[in-house]
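Right, one structure below, let's go through it.
Any read-out appearing in this document is the output of simple, stated calculations on the displayed coordinates, not a laboratory observation. Keep in mind it's a predicted model, so treat the numbers as computed, not measured. Cβ atoms come from the backbone with ideal geometry, glycine included; neighbour counts cover every protein chain shown.
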Amino acid sequence: MTYRCEACGNKTRFDVIETKRVRAFHHYSLGGELSVEEEQLLERKLEKVVCRWCGSADSIVSSASA
Ligand SMILES: [Zn+2]
């Protein structure tokens, strides 16, 4: 997924706000230290993409091709 801002032509810098549901294997050492393994993305909901250059959120177009 790539984004482009039609307002200013920015193609590289965006703030992406999204909600994710993930399943992860939490692996604790005996000392209580956590390492997260096998993280699996169950659901991803894109909420908003904001251009870092001009702050526009309405002029962002996305395309699936890179
Ligand atoms: Zn912009």
message: Give the aspartates and glutamates reachable from residue 20 as a straight Cα distance under 19 Å; neighbours fewer than 8 places away on the same chain don't count.
response: 37, 38, 39, 43, 47
query: Can you give the translational diffusion coefficient of the chain in µm²/s, computed by Stokes-Einstein from the Kirkwood radius over Cα pairs at 4 °C and 1.567 mPa s?
result: 91 µm²/s
- prompt: Tell me which aspartates and glutamates have Cα within less than 14 Å of residue 45's Cα, excluding those fewer than 8 residues away on the same chain?
  reply: 18
statement: If R0 = 30 Å, then residue 59 and residue 38, at their Cβ-Cβ distance, give a FRET efficiency to the nearest 0.05 of 0.20
query: Tell me, what is the percent relative contact order of the chain, built from C-alpha pairs under 8 Å that lie six or more residues apart?
result: 46 percent
